[in-house]
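Here the structure comes first, spelled out in structure tokens, and everything after it is commentary.
The values are calculated or read from the model by the stated rules, or taken from the named source; none is laboratory data. This one's a predicted model, so the numbers in the text were calculated from it and none came from an experiment. Neighbour counts are summed over all protein chains in view; Cβ atoms, including those assigned to glycine, are modelled from backbone coordinates with ideal geometry. These area figures cover heavy atoms from the full protein model, side chains too; ligands, DNA and RNA do not enter into them. Shrake-Rupley method; radii C 1.70, N 1.55, O 1.52, S 1.80 Å.
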Amino acid sequence: MSSAYSIGAQDRPPAMPETIKFTRYFPRRGPSGAVVFAGAMAIMGVGWYYVAQNNAERRELRREKAWNRISLVPLLQAETDRDLVRRLHSNAASESKIMDGSNDVKEWSAVDLKTPVKGIGRYGVFDETRQQATPVYYTERYVQPTYLFVAPDSEQVIPAQWWRGSKFFTLNPPYHNRADWKGKKDPINDE
Amino acid sequence: MTTHREGIFVDGLWVDKTPLPDSIPKVSEVGLTSAPLESIGFHFAAYCKPFSEDFMLCKNSTQDPEKCLKEGRRVTRCALDLINKLKANCDEEWKKHWECLDKKNHHLWQCRTQEREFNDCVFKKLGITKTIPDTPEGQTPVHLKENPFIK
């Protein structure tokens, strides 16, 4: 409907000279749809700008954190290497102590995955007659042992829940080295 | 990057207290906890760069821990040297920085004032700067930004 409308003559009192409007009247005024969308996008754009800046800064912070940790890798890896060598040597020594006393097995090598092992056949089959002997690994590269044998009654084995008084009635577990802890001594950290 | 996988203990824990064999030279260990280590990460990288690079090249060539013990000892000795120098020169600022880190969940972006003082002291006394590799060109590094969004 156009804004100009003609109704014609109306019966009105003298105090009311204007035409009485009774028809539907929606003037098309104000911003157009494109302008409204543009304004909304502009307001959101301001927000998006700050979001982008924040994301960039968070990326830089993550970069800083990552490079901080990367810088420390050689130090920590050297320490772990020394610890690993110590524990492997100790395990090999205890294995030698155990095997020296036995008369059953004559040729063996402590914690060595490249010497032939009696009982392993070709393609990894288990040979009960123990006639075949093949090494576990054929490669020249270093292979870290997956399993290590620790004798069950050796003093190096600590029950995983050493703080338990019994299996049925448990004592209060130690919490950050409480001063009032009267139970067993912590075998790992103490002494 | 590390070659060490944590062991899975089925029945009990294995704690081995035998020391290193005598054939291997001894070196005293770096006893730092996590917060001081975090605050000197970049300074350690700048100060001990040749030793760290030697060690990582050796590690790349082999997984055997016994082959890289010598380079590892050099890295540890360099780190101990740096720590002694920091304790002699910048002890107060370093302490403030890592104590702040301890309180702020080890977030570096929450301790920038202490970090600035620490870095200034380290640069003045020891000549080490903190650089973050791979920062895009033309951008100020995030630890030097004046008005960061995240603080």
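Charge dipole (Cα centre; +1 on Lys/Arg Cβ, -1 on Asp/Glu Cβ; no other charges) of the range B:35-128 amounts to roughly 120 debye. Whole-Hz Karplus values for the range B:131-147 come out as 10, 9, x, 6, 5, x, 5, x, 9, 6, x, 5, 7, 10, 5, 6, 10 Hz, taken residue by residue from phi with 6.51 cos²θ - 1.76 cosθ + 1.60 and θ = phi - 60°; glycine and proline positions read x. Taking every alpha-carbon pair in chain B and binning the separations at 5 Å intervals from zero gives 1, 8, 13, 16, 17, 14, 12, 9, 5, 2, 1, 0 percent. Given a 1.4 Å probe and the protein chains as shown, A:PHE22 ends up with an accessible area of around 130 Å². Using θ = phi - 60° in the Karplus curve 6.51 cos²θ - 1.76 cosθ + 1.60, the 3J(HN,Hα) couplings for the range A:148-156 round to 10, 8, 10, 4, x, 9, 6, 6, 7 Hz; x is entered for Gly and Pro. A 1.4 Å probe run over the protein chains yields, for the range A:28-159, 71 Å² of accessible area per residue, whole-number rounding. For the protein assembly as shown, the orientation-averaged shadow of the C-alpha convex hull comes to 41.0 nm² (one quarter of the hull surface). The portion of the accessible surface of chain B made up by carbon and sulfur, rounded to a whole percent, is 52 (1.4 Å probe; DNA, RNA and ligands excluded).
Over chain A, DSSP H runs of length four or greater, each weighted -39,500 (n - 2.57), average out per residue to a 222 nm ellipticity of -13500 deg cm²/dmol.
Within 10 Å of the Cβ of each residue in B:58-65, the mean number of Cβ atoms contributed by other protein chains is 4. Chain B packed on chain A takes about 4700 Å² of accessible surface away from a 1.4 Å probe, both sides summed. Counting heavy atoms of the protein chains alone, B:THR129 has an accessible area of about 80 Å² for a 1.4 Å probe. Rolling a 1.4 angstrom probe over the protein heavy atoms with all chains in place gives the range B:35-128 an accessible area of 51 Å² per residue. Inter-chain Cβ neighbour count for B:14-26, averaged per residue, equals 5 (cutoff 10 Å, partner chain atoms only). Between amide H atoms placed 1.01 Å from N, distances below 5 Å from B:LEU13 occur with A:ILE158, A:ALA160, all of them 5 or more places distant or on a separate chain. Compared with the dominant Cα axis of chain A, that is its longest principal axis, helix A:33-100 is turned about 0°.
Projecting the Cα atoms of A:SER109, A:GLN10, A:VAL35 onto the charge dipole of the range A:1-133 (Cβ charges, centred on the Cα centre) puts A:GLN10 farthest toward the positive pole. Here A:THR139 and A:LEU84 are evaluated by their C-beta separation; at R0 = 22 Å the FRET efficiency comes out at 0.65.
Computed from Cα atoms, the angle from the helix B:49-61 axis to the main principal axis of chain B rounds to 40 degrees.
The dipole here belongs to the protein assembly as shown: it is taken about the Cα centre, uses +1 on the Cβ of Lys and Arg and -1 on the Cβ of Asp and Glu, and is about 1380 debye.
Shielding of A:56-64 by partners, i.e. mean partner chain Cβ atoms within 10 Å per residue?
Per residue, the average neighbour count from other chains is 6.
Let me have the relative contact order for chain B, percent, based on Cα pairs under 8 Å that are six or more residues apart. That works out to 24 percent.
Here the 3J(HN,Hα) profile of the range B:69-78, calculated from phi with Karplus coefficients 6.51, -1.76 and 1.60 at θ = phi - 60°, is 5, 5, 5, x, 5, 5, 4, 5, 5, 5 Hz, Gly and Pro shown as x.
Taking only alpha carbon atoms, chain A gives an Rg to Rh ratio of 1.52, where Rh is the Kirkwood radius. Classify the range A:31-104: rounded, prolate or oblate, from the alpha-carbon gyration tensor (a ≥ b ≥ c, eigenvalue square roots; a/c under 1.5 rounded; otherwise prolate if a/b is larger than b/c)? In terms of gyration-tensor shape, prolate.
The packing ranking of peptides B:59-71, A:36-48, A:78-90, highest mean first, is A:78-90, B:59-71, A:36-48, where packing means the average number of other beta carbon atoms within 10 angstrom of each residue.
What the Cβ-Cβ distance of B:LEU126 and B:GLU53 gives, at R0 = 30 Å and to the nearest 0.05, is a FRET efficiency of 0.90.
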